[in-house]
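Accompanying notes for the structure given below.
Computed from the coordinates by the stated procedures, all read-outs in this text should not be read as laboratory data. This is a predicted model, so every value here is computed, not measured. Reconstructed Cβ throughout: ideal geometry from the backbone, glycine too, with neighbour counts over all protein chains shown.
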Amino acid sequence: MQRKVFLFITVCVYFLWYPLGAFAVDQTVPGAGNQSAITLSSQSPLVQSATTSLLRHARQIRDNSLRSATVDAMSNPQTCVTHRANLSDSDRTTILNQLKSVGLVDLADDSTFPGGLRAGVFPSLLNDGTACPQLPQRFFSAPGSVFGGHHSYPGRLPIHEAFNEISDLNLAAGYRSVYGNTSENGLPVISDSSEGDDNEGSSAFFINSDVIIAAPLWHDWAKTIVFQWNSDGSEFQELDLGGNGVTDSFGASGNSKTGSHHIIGIAEAMRRGLSPELVITQAAAHSAPTLGNEYKVVNWLRAAAILARIDPVAQGYLAKDAHGNVRLPPLR
């Protein structure tokens, strides 16, 4: 009986937040349903326990600045969206023109996306344009994906992230166990003892646990901005950024357009001064830079750097090769 009651409540909540038809809304102002999503997700033990789990992992980050920034971004209701601080209307025009001039947006989206490219590149925030613009909703109230996609209801971002975090840590432990150990004679051996963080420094296969913990969290952080809630329970539409979709592979045929939450999250990490190792790992979330896909990660870093108003080469997020082409830098 309890299981049936639970399933009934779950179905009712789902349909309350999954209307038969969404209507056009003004995406230049914060979503009218954001507060309702906060209220609903605040009452879910699953959502709140997922958030607690993520914060517990974030507080285990060893690097002080990365730990502080990550915990603040996830849990502080007044956290500042730093890449948007003091952003004037003329600044937005300059950024848009830069993205257009280097082919990192699709010009056709200006006439098809609600509010045009400006609304998609600069989703609405609280206290927008001030020294400390703030998130339009809490991290724990955001969905995990586009409306109708995976985890697309209130509070499913932390659930999605908790699963990713656990999978990430277990995968790292597996690599350390199988590939990160040598015997006394220097030959490789498999040892389950490498699962703990204490063996990271001596392991032949070093994996940075700070990056393992923080990169997935920063990758999806901007879903709090991009996927806001409308009054009918539907979500804001998400603009695709990072390419024109046609000639993105260093001028050749290629498509590096991707969800703007990815680019915006990278921009925020850059603006907060997070390390190249962390940011490049974060940028590779939508595609590993292998098998001819380096251009995608490069373009996402380029687009994010424009949003963050920083020089990605000077900050170590990108490098120039012998021919002057922008590439991923060698790390470690």
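Using only DSSP helix segments of four residues or longer, with each worth -39500 (n - 2.57), what per-residue ellipticity at 222 nm results for the chain after dividing by its residue count and rounding to 500?
-14000 deg cm²/dmol
Over region 227-332, Cα pairs under 8 Å with separation of 6+ residues give a relative contact order of 21 percent. Applying 1/(1 + (r/R0)^6) with r as the Cβ-Cβ distance of S101 and A319 and R0 = 22 angstrom yields a FRET efficiency of 0.50. Dipole size of the chain about its Cα centre, with +1 on Lys/Arg Cβ and -1 on Asp/Glu Cβ: approximately 340 debye, rounded to the nearest 20.
I need the semi-axes of the equivalent ellipsoid of the chain: take the C-alpha gyration tensor, multiply each eigenvalue by 5, square-root it, list largest first in whole angstrom.
32, 29, 18
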